[in-house]
There are 2 protein chains.
Amino acid sequence: MAQSNPPFMSGVPELLLLRLLDRKEMYGYELVRSIRSATGEAISLGEGVIYPVLHSLERNGSLKSRRKAVAGRTRVYYTLTAKGRQRLNKLHIEWLRIQGGITAALESPAYA
Amino acid sequence: MAQSNPPFMSGVPELLLLRLLDRKEMYGYELVRSIRSATGEAISLGEGVIYPVLHSLERNGSLKSRRKAVAGRTRVYYTLTAKGRQRLNKLHIEWLRIQGGITAALESPAYA
DNA sequence: TATTAATACCTTGAACTACGAGGTATAGTC
DNA sequence: GACTATACCTCGTAGTTCAAGGTATTAATA
């Protein structure tokens, strides 16, 4: 009983991650800052959001990772798989849909 | 310790409500269907979302209501106050900001 | 006439996400 | 030696949305 659908706008963090990783291999800590700058400081997602999403995307086969040692520190770099690219596409379309819906509701003129 | 900011896209239901009520006096049950149709079926917010938001907006002085009996049923019609119009404006700007941020992140070309 | 569907209000519990604070560890700077 | 930055991570909880329900009246349907 009562298994809930995800909230209507919850795909966005995942979408941003996938989009950035589709362009370039990146590691978690880097993604935190990339999202902030790529959105013009409009959206700031902390590590508490990023890491769990990365892990769940890897678990379900959308991402694969490799560890790389850089100056004594270990970074975990992520890249998209074919499944991840599909997922990106789906989320992108879904985003355009709700973004367009909201825009329509906000813009349409003042009559009933 | 740990008092959380609201999630980064949580203003949307409130924004849609305020926008529709800015055009026309409406009651809750009507708003449920209006949001669905005004967004081209992209967004569907149930009564469990709408009513609590209406009540909280009235409590904080953004909306005022009047009861009206229509064909034996009681409807509660809501309209914006000056404060509600301010709130609408603020949320609208905030929405454009995050919407623009996301669009930028999705569209910007494939170099770092 | 009985039953069901639609209108109209509402609340509540669970599900889910995002937030933020914290914890570990290394490297560089002051 | 202390502090900041990098880099990984988890966990508790706050805040939202979801779905399902409850009440009551009217209209349609069987």
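Rule-based calculations on the coordinates, nothing more; no lab input. Because the structure is predicted, anything quoted here is derived from the model rather than measured. As a convention, Cβ positions derive from the backbone with ideal geometry for all residues, glycine included, and neighbour counts pool all protein chains shown.
A few comments on the model shown:
- Residue in segment A:88-98 that is more than 26 Å from residue B:42 (Cα to Cα) and buried (at least 18 other Cβ atoms within 10 Å of the Cβ) present: no
- Some residue of segment B:54-73 being within 14 Å of chain A (Cβ to nearest Cβ), out of contact with any helix residue (DSSP H, G or I) (no Cβ under 9 Å at 6 or more places or on another chain) and surrounded by 15 or more Cβ atoms within 10 Å (Cβ to Cβ): no
- For segment B:18-41, residues that are touching a Phe, Trp or Tyr at 6+ places or on another chain (Cβ under 9 Å), within 10 Å of chain A (Cβ to nearest Cβ) and surrounded by 15 or more Cβ atoms within 10 Å (Cβ to Cβ) total 2.
- Residue selected from segment B:74-87 under the condition of a type in the set (D, E, K, R) and within 16 Å of DNA strand D (Cβ to nearest atom), by the criterion surrounded by the fewest Cβ atoms within 10 Å (Cβ to Cβ): B:75
- If you go through segment B:1-17 and pick out every residue that is within 8 Å of chain A (Cβ to nearest Cβ) and either more than 8 Å from DNA strand D (Cβ to nearest atom) or surrounded by fewer than 16 Cβ atoms within 10 Å (Cβ to Cβ) (or both), you end up with 3.
- Residue pairs meeting the criteria (Cβ under 9 Å; at least 6 apart or on separate chains; first in contact (Cβ under 8 Å) with a residue 24 or more places away in the chain, in segment B:45-60; second among the small types (Gly, Ala, Ser)): B:50/B:28; B:54/B:28; B:54/B:65; B:57/B:84
- Some residue of segment A:87-108 being farther than 21 Å from residue B:99 by Cα and within 14 Å of chain B (Cβ to nearest Cβ): no
- Scope segment A:18-57; condition near DNA strand D (Cβ under 6 Å from one of its atoms) and small (Gly, Ala, Ser); matching residues: A:28, A:48
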